[in-house]
Amino acid sequence: MATEQQAPTVQLGSDDVSQIDELGKVFQKLKTELAKIIVGQDDVIERLAICLFARGHALLMGVPGLAKTLLISRLAETMSLNFSRIQFTPDLMPMDITGTDILQDTASGKREFEFIKGPLFANIVLADEINRAPAKTQAAMLEAMQEHRVTVVGKSFSLEQPFFVLATQNPVEQEGTYPLPEAQLDRFMFLIEVDYPSRDEEIQIARSTTGAALPQLEHILHGEDVIRFQELVRRVPVPDHIYEFAVDLTRRSRPDSDEAPAWLKSLVGWGAGPRAVQYLILGAKARAALHGSYMVRLEDILEVAQPVLTHRVLTTFAAESEGLSSRDIVDRLVDELSKEV
């Protein structure tokens, strides 16, 4: 890896600089508004914002009762975006989420089919317990996430922009679930782990949620603003050594690669693919812009490495027997590579 920090080939214009300053202020205001209702979870909020402005989707993992649904619905409220929640169950069919054709009477007396939109036609979609849905429904969700459209009875319908899917998985009660295949997991930019609050935060939760009604949040952004900032994030310059870092980190996660360290080969069955490189760069760009930086720094890519790679590194039985998770392996890879820079 080249250790010299080369200058990015693209420079921001004055208008882009002012927009990054604006986005940084919007992000701080967003956190302030959500703090009126959501206690703690600052890292979760930042990672959700990174996914949104990088045009990615996020998979949230956490036990019930950690305010995942509340957080996502209030995030949509602050952005004046349409919000839809889908509770996935084993009997959920594709048409239940995409919509279907209904036979309707017209003013002329004729009967014609009319397409009735399903809950996927929203700006922010919460797919609650997505691993409880059967494969056909998961496939319909996959098309919407990847192509930003749905196909019903041979007809394609484009989804309104911005389109942001937040799916949850419950790490307990795995009976009767349909584990997401690797191809669908790879469509999620981030795996965001929602942990228990601290003791002080839990006391604050008890005080704030057992009294008067929760406050209404101020509308900070509109859909047009989100799209404008998404386009801005794509223009954030990236130095060459950051591109190299992202590629080297991803390649080291593959056990069959010559770049993989010896300790990893028996612990990982499958490593991250090229989409991980793309999301590492996009995530670093979005984080840099949210923090008011006009160029991606190494700390930006270090912060997004874990949520990008954890669900793309599949461990073997040998790793499980040693009590090692994908997160442990990613942390070690990041630590070793960052010391070489």
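Tabulated values for the structure
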| item | result |
| --- | --- |
| ³J(HN,Hα), Karplus 6.51/-1.76/1.60, whole Hz, each residue of the stretch 312-321, x for Gly, Pro | 9, 10, 9, 7, 9, 5, 4, 5, 4, 5 |
| Per-residue HN-Hα couplings for the stretch 198-209 [Karplus 6.51, -1.76, 1.60; θ = phi - 60°; Hz; x = Gly/Pro] | 6, 4, 5, 5, 5, 5, 5, 4, 4, 6, 7, 9 |
| Between 0 and 90°, nearest 10: helix 274-290 axis offset from the chain longest Cα axis | 90 |
| The chain - Rg and Dmax from Cα coordinates, angstrom | 21.4, 75 |
| With 5 Å bins from 0: P(r) over the stretch 82-218, alpha-carbon pairs, percent | 2, 8, 15, 17, 16, 12, 10, 9, 5, 3, 1, 1, 0, 0 |
| Sequence-distant residues sharing a close amide H with T315 (under 5 Å, placed H) | G269 |
| Mean separation of Cα contacts under 8 Å, 6 or more apart, over the residue count of the chain: relative contact order % | 24 |
| Taking L23, L314 and counting other C-beta atoms within 10 Å, the order from fewest to most | L314, L23 |
| Residue order, fewest to most beta carbons within 10 Å, for T137, T210 | T210, T137 |
| Helix-only CD estimate at 222 nm, as mean residue ellipticity for the chain, using -39500 (n - 2.57) per DSSP H run (n ≥ 4) | -13500 deg cm²/dmol |
| log10 of Debye I(q)/I(0), alpha-carbon scatterers only, for the stretch 246-341 at 0.20 Å⁻¹ | -0.91 |
| All-pairs Cα distance distribution in the stretch 37-96, expressed in whole percent, bin size 10 Å | 17, 50, 28, 5 |
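Bear in mind these aren't lab numbers, they're just calculated from the coordinates by the rules spelled out. These figures come from a predicted structure and were not determined experimentally. Every residue, glycine among them, receives a Cβ derived from its backbone with ideal geometry; neighbour counts consider all protein chains shown.
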